[in-house]
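Take a look at the structure set out below.
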Amino acid sequence: SYQPLYNNFRYNYTLYQNLFNNGCYETVAVTFTGIGLPGRNITLSLPKLELLDPRESNYAIPIFAKVDIDTISNFVIDTLEFKWDRSIFYPKSITNGTVLYNTVVGNTRIFGVSLNNVQISALQTEQKIAEIVGDVLLGNTDFSLIEISKLHFTDSTRVSNIDTTWGSISIAICPDGGDRLLSQTFKMPGIVVAPSPVTGSAAITMNLIETGFYNLEIYDAMGNRIDVLFSGNHSLGDVTELSFEADFAKYASGIYILKLNTPTTFYSKIVAISK
């Protein structure tokens, strides 16, 4: 089919219809003429982003578009929805558009936007029409597809169809001691002690999100380390809590500090012992 590269294309089509009338076949030709604009096809695409730094803030994921015939301006996409693994990228804004919603379902980030003024001025050439701006994260995976899961527009007189091409994102991780990924958990990393204040033995729960070596130390109010309550390795997996009973009866009454040393940081908690 011929697709013109200008707006005022003169259409001249003939429709042939076979009719059966009184035992005879007859072919009737109907001619359609007019001047108009052919409907454009647009392709939206996302890039394959590789080995991003998980410490990167305000990183821009570009959205590209190209048009098959003519150019286009002031085109509105009412809804454009993206999905990806929520632990790898946190979206904060969209350029050349408006954020409609930003939610999480399970482990999936769902980010919906509208694009208000799409302009594509070059034929068959990808152009950046918007950017998703956000923070790259260190989560429980180093790769995720970026899906275009929903698309809606109303200007069907100028655009007949929009095709989409998904993208992807991967992050660079440190391989020392195993992949330096974080377990997904709905609890803050740190230490929980029950009961409080402690009168004898107590249950200690450590919420963990990293693979590597951990140890839990106890310090007195003067900052002197007096004991090590736990020491060992934790592997990334389904287990994000380690619990054990600790005997505090051997310590004098007073204020103490528990310090949990993780592979990359530490957490502390004040514990009161009362006898």
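The values are calculated or read from the model by the stated rules, or taken from the named source; none is laboratory data. Source: prediction; values computed, not measured. Positions of Cβ are generated from backbone atoms using ideal geometry, with glycine treated the same way; all protein chains shown enter the neighbour counts. The accessibility values were calculated without ligands, DNA or RNA, using every heavy atom of the protein model including side chains. Shrake-Rupley method; radii C 1.70, N 1.55, O 1.52, S 1.80 Å.
Only one of (1) surrounded by 15 or more Cβ atoms within 10 Å (Cβ to Cβ); (2) closer than 25 Å to ILE42 by Cβ is not met by LEU137, so which one is it?
Every listed condition holds for LEU137 apart from (2).
Please tell me if SER73 is under 16 Å from ILE146 (Cβ atoms) and either open to solvent by 30 Å² or more (accessible area, probe 1.4 Å) or at pLDDT below 95 (or both).
no
Failed condition for VAL28, given (1) surrounded by 15 or more Cβ atoms within 10 Å (Cβ to Cβ); (2) among the hydrophobic types (A, V, I, L, M, F, W, C); (3) modelled with pLDDT under 90, with all others met?
Here VAL28 meets the rest and fails (1).
Quick check on SER114: is it part of a loop (DSSP other than H, G, I, E, B) and in contact with a strand residue (DSSP E or B) (Cβ under 7 Å, 6 or more places away or on another chain)?
No: the conditions fail for SER114.
For segment 220-239, how many residues are small (Gly, Ala, Ser), at pLDDT 90 or above and in contact with a strand residue (DSSP E or B) (Cβ under 7 Å, 6 or more places away or on another chain)?
Number of matching residues: 2.
Testing THR199 on (1) touching a strand residue (DSSP E or B) at 6+ places or on another chain (Cβ under 7 Å); (2) at pLDDT 80 or above, one condition comes back false. Which one is that?
Among (1) touching a strand residue (DSSP E or B) at 6+ places or on another chain (Cβ under 7 Å); (2) at pLDDT 80 or above, the lone unmet condition for THR199 is (1).
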